[in-house]
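> If you scroll down you'll find the structure; I have some questions about it.
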Amino acid sequence: VLIRRERAQDAVRIRAVVAAAFAGRGPLDRLPMEVTLVESLRADPGWLPQLSLVAIDPRDDFIDDDFGYGEGDGETSSADDDGDPRRAPVRRTHDDDMVVGYVACSRAYVDGHPGLGLGPLAVRPERQRQGVGQALMHAVLGMADGVGESFVGLLGSPSYYRRFGFRPSIELGIEAPDPSWGASFQIRPLGAFRPITGVFSFATPFTSLPMA
Ligand SMILES: CC(C)(COP(=O)(O)OP(=O)(O)OC[C@H]1O[C@@H](n2cnc3c(N)ncnc32)[C@H](O)[C@@H]1OP(=O)(O)O)[C@@H](O)C(=O)NCCC(=O)NCCS
């Protein structure tokens, strides 16, 4: 895969990737909350467009057969047998890369010290366990370090994130936004990190989610 910054025309495909990756975790008739999170983050002052990355499939012949998660874009889709453009395969066009994974970081703080909150990270289900998540994580952490950020916090499985240098936040003296998150709330110190203490706070859209 290739990793690059999100572009405006990726938004519908990012939505589809996030919806598919997180499908089945909540009520079946509801869009996963992470879809709403991405859209709220884009409108938030804490949004950092330079750290919103997509993984794209560089193959020219890639056909996306579940594009849109119920929403056609009206430009590249064409009706299939049942006449519903939402179920038609979508062929990639020049300006229309196939997004297979997504990661975003937004502004977060610990006691007034700026850092990053990571999330969501999502990979299309049929492309999981092929290194896409790893590629996105290495890219976003490298970029964050390169622009002088000092730490990244996230809520996730320690067994997955340990390989990227994340540690339970409490080992670094940083408290989770919710103490019940325990070791699942993790911090990755970057080059500019200096010891700090206090409670981590994500950008506002995270706080309206039932993440614990
Ligand atoms: C988690 C996710 C982003 C990983 O992306 P991916 O492209 O499948 O991951 P990679 O191919 O880079 O790495 C795969 C490895 O991660 C492990 N892994 C994947 N999800 C994991 C999880 N939730 N907990 C622990 N390990 C996990 C796999 O076991 C695999 O390890 P192995 O190679 O030793 O078998 C992806 O599975 C996904 O989108 N899941 C649904 C959404 C989600 O849970 N996002 C993260 C929320 S914090």
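> Pairs of alpha-carbon atoms within less than 8 angstrom and 6+ residues apart define the contacts here; what relative contact order does region 110-212 have, in percent?
Numbers: 141 pairs, mean separation 33.6, N = 103.
It rounds to 33 percent for region 110-212.
> A follow-up question, please. Quick one: order Glu34, Glu39, Glu126 by neighbouring beta-carbon count within 10 Å, fewest to most. Can you show the working numbers first?
Numbers: Glu34 23, Glu39 15, Glu126 10.
Lowest count first: Glu126, Glu39, Glu34.
> For region 133-186, rounded, prolate or oblate, judged on the Cα gyration tensor with a ≥ b ≥ c (square roots of eigenvalues), a/c < 1.5 rounded, else prolate if a/b > b/c?
Numbers: a/c = 2.50, a/b = 1.50, b/c = 1.67.
Because a/c hits 1.5 or more and a/b fails to exceed b/c, region 133-186 counts as oblate.
> Let me ask something additional. Once you have a ≥ b ≥ c as the square roots of the Cα gyration tensor eigenvalues for region 1-52, tell me rounded if a/c is under 1.5, and otherwise prolate or oblate according to whether a/b is larger than b/c. Don't jump to the answer; show the numbers that get you there.
Numbers: a/c = 2.53, a/b = 1.49, b/c = 1.70.
Because a/c hits 1.5 or more and a/b fails to exceed b/c, region 1-52 counts as oblate.
None of the figures in this text is laboratory data; all of them are computed from the coordinates on show. Worth saying up front: this structure is predicted, and the values here are computed from it rather than measured. Here the Cβ is made from the backbone with ideal geometry for all residues, glycine too, and neighbour counts use every protein chain on show.
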